[in-house]
């Protein structure tokens with residue numbers, strides 16, 4: 001398995017390490033629930049260096065990215081980030097990703113498991129006036145998330161974080177180490193994602209841990225999953241994938257069907273007109289935990305399936321994300337959930353499950 005530049009930190013901290021997309025990654029340190037609560041109430045430090053980074057440059061970079069992604073790339077200002085997706089011609093999702101616009105180039109941040117597929121797709125469609133540089137193995141990435149993240153990070157950086165709005169970023173120093181600092185994240189809390197060279201990311205990790213003291217904890221991929229589920233943030237391979245499209249996945253807000261042309265446009269226009277299922281939030285009425293693959297039942301018939309589920313540490317009840325037939329997707333609809341040959345009651349609720357997040361503060 002591959003190891004991130006922070007691997008030795010995880011070992012020293014006693015993390016439980018697992019294979020995640022070919023990387024030896026920390027699933028937890030003190031425990032998922034404790035780490036989840038640390039991010040919701042104070043601050044947590046994640047190693048997400050397994051993510052992929054591509055630099056896209058050249059005079060045709062904007063037009064190229066506008067063609068291969070579903071969102072409006074031309075609308076991104078320098079020093080602004082955008083959430084988007086790449087689709088096949090049939091509308092199936094190749095990957096969801098972040099686009100960062102620097103003054104003279106773009107950076108794409110993609111899911112680790114899709115790096116090779118994404119790069120092949122980009123290279124296959126690249127015109128001559130675009131250059132693509134794969135930087136994943138040279139780039140470390142830390143996610144620092146939680147309501148206290150800004151005040152802690154401000155102690156060790158020369159960027160004025162109070163002036164950085166959600167989905168904007170800058171380049172500066174953290175404890176003397178050059179870094180890109182972005183106000184983005186995957187938890188629903190105020191937070192930052194920090195990109196730096198492999199040889200710098202360890203020093204940045206240590207500086208943040210020292211500056212935060214008792215108010216920051218190292219946190220693993222286990223609570224990253226429960227945090228994102230409470231916000232209904234899609235996970236590739238669970239809630240979205242090659243067999244689903246952005247419209248049914250609730251990502252119509254990033255899918256600009258009025259763009260002149262992009263890969264998958266015709267299929268997505270048709271998908272909007274012929275929508276048969278929706279990705280919804282379900283909350284348990286009976287005691288039980290929705291799990292990936294559990295059928296959603298109405299009148300003895302399967303009308304959908306859970307794609308992600310957990311016992312919510314914040315809400316103390318079972319929650320899930322599921323595709324259900326369109327006619328059963330209305331908020332407030334009561335459904336059945338088949339759990340080990342038992343039929344439990346649940347209902348469709350308005351996202352996100354957790355509504356007290358600090359992400360916009």
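Expressed as a rounded percentage, what relative contact order does the chain have, with Cα pairs under 8 Å and six or more residues apart?
Details: 823 pairs, mean separation 64.6, N = 361.
Averaging sequence separation for qualifying contacts and normalising by length gives 18 percent for the chain.
By counting other Cβ atoms within 10 Å of each Cβ, how are 168, 205 ranked from fewest to most? Please list the in-between numbers first.
On the way: 168 17, 205 22.
By the 10 Å Cβ count, ascending: 168, 205.
Let me know the shape class of the stretch 18-90, please: from the alpha-carbon gyration tensor, a ≥ b ≥ c as square roots of the eigenvalues, rounded when a/c is under 1.5, otherwise prolate if a/b is greater than b/c, or oblate. Present the calculation step by step, with values, prior to reporting the outcome.
On the way: a/c = 2.76, a/b = 2.06, b/c = 1.34.
Verdict is prolate for the stretch 18-90.
Taking 8 Å as the Cα distance limit and 6 or more residues as the minimum spacing, I'd like the relative contact order of the stretch 210-299 as a percentage. Before the final figure, lay out the partial values.
Numbers: 33 pairs, mean separation 21.7, N = 90.
About 24 percent, as a whole number.
Tell me the Kirkwood radius of the chain: reciprocal of the mean inverse pair distance over distinct alpha-carbon atoms, in Å.
Values: mean 1/r = 0.0472 Å⁻¹.
It works out to 21.2 Å.
Given that compact globular proteins tend to follow 2.2 N^0.38 Å, what is the ratio of the alpha-carbon Rg of the stretch 276-351 to that value?
Numbers: Rg = 10.8 Å, N = 76, 2.2 N^0.38 = 11.4 Å.
It is 0.95.
To make sure I understand, if each residue's beta carbon is the centre and we count other beta carbons within 10 Å, what order do 79, 253 fall in, fewest to most?
Details: 79 16, 253 9.
So the ranking, lowest neighbour count to highest, is 253, 79.
What is the stretch 127-233 by shape, rounded, prolate or oblate, if you read a ≥ b ≥ c off the alpha carbon gyration tensor as root eigenvalues and call it rounded for a/c under 1.5, prolate for a/b larger than b/c, and oblate otherwise? All intermediate terms of the calculation are to be shown ahead of the outcome.
Values: a/c = 1.56, a/b = 1.21, b/c = 1.29.
Oblate, because a/c is 1.5 or more while a/b does not exceed b/c.
Residue separation times 0.36 nm, minus the C-alpha to C-alpha distance between residue 266 and residue 338: what's the value?
On the way: separation 72, 0.36 × 72 = 25.92 nm, distance 3.62 nm.
Separation in residues times 0.36 nm, less the Cα-Cα distance, equals 22.3 nm.
Taking 0.36 nm per intervening residue step and subtracting the Cα-Cα distance, what contour gain separates residue 160 from residue 128 on full extension? Could the numbers behind the result be given before it?
Details: separation 32, 0.36 × 32 = 11.52 nm, distance 3.87 nm.
Length difference between fully extended and current span is 7.7 nm.
Looking at the square roots a ≥ b ≥ c of the eigenvalues of the Cα gyration tensor of the stretch 270-310, which shape do they give, rounded for a/c under 1.5, prolate if a/b is larger than b/c, or oblate?
Taking the square roots of the gyration eigenvalues as a ≥ b ≥ c, the stretch 270-310 is prolate.
Modelling each spin label as a point 7 Å along the Cα-to-Cβ direction, I'd like the residue 34/residue 302 distance in nm, to one decimal.
In this crude label model, residue 34 to residue 302 measures out at 4.0 nm.
Calculate, in nm to one decimal, what residue 88 and residue 19 gain on full extension: separation in residues at 0.36 nm each, minus their alpha carbon distance.
Working: separation 69, 0.36 × 69 = 24.84 nm, distance 2.85 nm.
Full-extension gain reported as 22.0 nm.
Give me 292, 163, 138 sorted ascending by neighbouring Cβ count inside 10 Å, so fewest comes first. Provide the component values of the computation, followed by the final result.
Numbers: 292 17, 163 8, 138 12.
Final ranking by Cβ density, sparse to dense: 163, 138, 292.
Read-outs: derived from the displayed coordinates by stated rules, not from any lab. Quick caveat: nothing in here was measured; it's all calculated off a predicted structure. Glycine also receives a Cβ, built like all others from the backbone with ideal geometry; neighbour counts cover every protein chain displayed.
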